[in-house]
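This report concerns only the one structure given below.
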Amino acid sequence: KILITGGLGQLGTQCARLLRSKYGKNNVILSDIIKPKEEIVEEGPYIFADILDFKGLQKAVVTHRIDWIIHLSALLSAIGEQNVSLAVRVNIEGMHNVLELAKQYKLRIFVPSTIGAFGPDSPRNPTPNLTIQRPRTIYGVSKVHAELMGEYYHHKFGTDFRCLRFPGVISADEPGGGTTDYAVAIFYDALRRGQYNCYLKPDTMLPMIHIKDCLRSLLEFMTAPEESLKHRCYNVTAMSFTPEELAEKISKYIPELKMSYNIDSRQLIADDWPQVFDDSEARKDWGWKHEYDLDKLVEDILQQVRGRIRA
Ligand code: VAH
């Protein structure tokens with residue numbers, strides 16, 4: 001049985017869909033502290049689970065006989081800077097609770113980390129799997145903490161902790177509070193208004209991945225044999241692009257797309273992040289490979305967003 005925390009964020013719903021297609025609808029339990037829409041509940045079991053309530057989480061793990069926890073609850077980079085104390089509680093205290101349960105009940109635990117777990121002292125092009133990590137956002141700090149705590153519990157208690165560092169994830173669902181989210185919002189504005197006012201400079205290069213590749217990497221990594229894993233944390237990526245490169249690809253479909261640039265504080269975050277992610281360790285140890293390049297991503301996301309706008 002699999003429990004997904006933070007299930008109504010950018011990754012949760014489609015993560016549940018993928019895992020249910022492999023393990024069966026009733027073996028994957030989506031959870032969050034938000035009331036779900038009807039269609040979410042129709043797709044499979046959904047429960048209330050607050051990662052800050054250790055006892056409640058423990059009850060869920062026991063009553064649902066959970067074996068794996070996919071821990072997605074977190075405040076992302078930009079929103080974390082606006083609410084540091086909440087980010088500390090959710091991203092750090094929440095992680096402690098989930099990791100403690102993983103230890104006590106011998107759960108396999110997946111925690112996503114991020115390009116945001118690196119900072120200005122890390123090599124940026126490329127950023128290797130093992131290098132200095134001194135991030136400058138509370139999101140990044142909390143994700144380095146998660147990586148270190150997970151690795152410690154693995155070596156000290158044998159906890160099966162697994163962590164993938166994701167680049168910016170591109171989906172048709174508008175995520176909340178990330179720095180890479182311009183690359184999702186642009187599709188909506190381009191289709192609705194034929195223009196996009198970007199908060200990052202046109203040449204800001206960031207590693208990115210299509211959500212389908214992101215979630216497939218999670219599933220393949222979670223089912224990889226233990227002996228193939230040389231690390232507990234792996235970088236994964238598919239491509240890197242800039243706002244102007246993305247706009248140029250979208251213009252092939254929406255020729256009238258007009259870009260404007262209105263830089264805000266998220267530029268400072270992006271300037272500390274990797275530009276190119278080296279995921280050769282993941283490709284070598286457990287056979288990671290991406291399937292969506294930028295052309296395929298743009299075609300697919302445009303199609304999905306068109307469907308959402310018409311709906
Ligand atoms: C963010 N989309 O921008 C998230 C992610 C790699 C970026 O962590 O904060």
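Quick note: the coordinates plus some simple rules give every number you see, no bench work behind them. All values derive from a computational prediction rather than experimental measurement. Note that each Cβ is placed from the backbone with ideal geometry, even for glycine, and that neighbours are counted across all protein chains shown.
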The ³J(HN,Hα) series, computed from each phi in the stretch 91-108 with the Karplus coefficients 6.51, -1.76 and 1.60 at θ = phi - 60°, rounded to the nearest Hz and given as x for glycine or proline, is 6, 10, 5, x, 5, 4, 4, 5, 5, 4, 5, 4, 5, 4, 10, 6, 8, 7
Taking Cα atoms, how many degrees apart are the long axis of helix 12-23 and the longest axis of the chain, rounded to 10 and kept between 0 and 90? 60 degrees
Please report the equivalent ellipsoid semi-axes of the stretch 189-311, computed as sqrt(5 x eigenvalue) of the Cα gyration tensor, largest first, in whole Å. 31, 19, 11
Label-point separation, Y152 to E244 (7 Å along Cα→Cβ), nm: 4.5 nm
Straight distance only, please: which lysines reach the Cα of K212 with their own Cα at less than 24 Å, same-chain residues fewer than 8 apart left out? K1, K22, K25, K37, K143, K249, K252, K284, K289, K296
Expressed as a rounded percentage, what relative contact order does the stretch 21-127 have, with Cα pairs under 8 Å and six or more residues apart? 23 percent
Could you give the distance between the Cα centres of the stretch 233-311 and the stretch 81-143, to the whole Å? 22 Å
Say we join alpha carbon atoms closer than 10 Å with springs in a Gaussian network model of the chain; which of H155, H71, H145 then has the biggest fluctuation? H155
Among all cysteines in the chain, which have no other cysteine Cβ under 4.7 Å from their own Cβ? C15, C198, C214
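Per 0.36 nm of contour for each residue apart, how much would the distance between K284 and S265 grow if the chain were fully extended, relative to their Cα-Cα spacing?
Extra length from K284 to S265 when fully extended: 3.2 nm.
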What angle do you read, to the nearest 10 degrees and between 0 and 90, between the alpha-carbon axis of helix 294-310 and the longest principal axis of the chain? 90 degrees
The helix 211-222 Cα axis meets the longest alpha-carbon principal axis of the chain at an angle in degrees, between 0 and 90 and rounded to 10, of 30 degrees
Based on C-alpha coordinates, I'd like the Rg and Dmax of the chain, in Å. 18.8, 58
One finds the C-alpha centres of the stretch 45-67 and the stretch 176-202 to be spaced, in Å, by 36 Å
Counting sequence-distant residues (5 or more places) and residues on other chains, those with an amide H built under 5 Å from that of G119 are R134
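Got the relative contact order for the chain handy, in percent, Cα pairs under 8 Å and 6 or more residues apart? All intermediate terms of the calculation are to be shown ahead of the outcome.
Numbers: 596 pairs, mean separation 56.7, N = 311.
Once normalised by length, the contact order is 18 percent.
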Multiplying the sequence separation of Q303 and Q58 by 0.36 nm and subtracting their Cα-Cα distance, what value in nm do you get? 84.1 nm
HN-Hα J couplings of the stretch 152-164 from phi, Karplus 6.51/-1.76/1.60, θ = phi - 60°, integer Hz, Gly and Pro as x? 4, 4, 5, 6, 7, 10, x, 4, 7, 8, 9, 9, 10
In a Gaussian network model of the chain with springs linking alpha carbons closer than 10 Å, the residue among T63, T114, T237 that fluctuates most is T63
Under a 5 Å amide H to amide H cut-off, with H placed in plane at 1.01 Å, what residues pair with V28 once short-range neighbours are removed? I2
Taking 8 Å as the Cα distance limit and 6 or more residues as the minimum spacing, I'd like the relative contact order of the stretch 88-143 as a percentage. 37 percent
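In deg cm²/dmol and to the nearest 500, what is the mean residue ellipticity at 222 nm of the chain if only DSSP H runs of at least 4 residues count, each as -39500 (n - 2.57), divided by the residue total? Provide the component values of the computation, followed by the final result.
Working: 13 runs with 131 residues, N = 311.
One gets -12500 deg cm²/dmol as the mean residue ellipticity at 222 nm.
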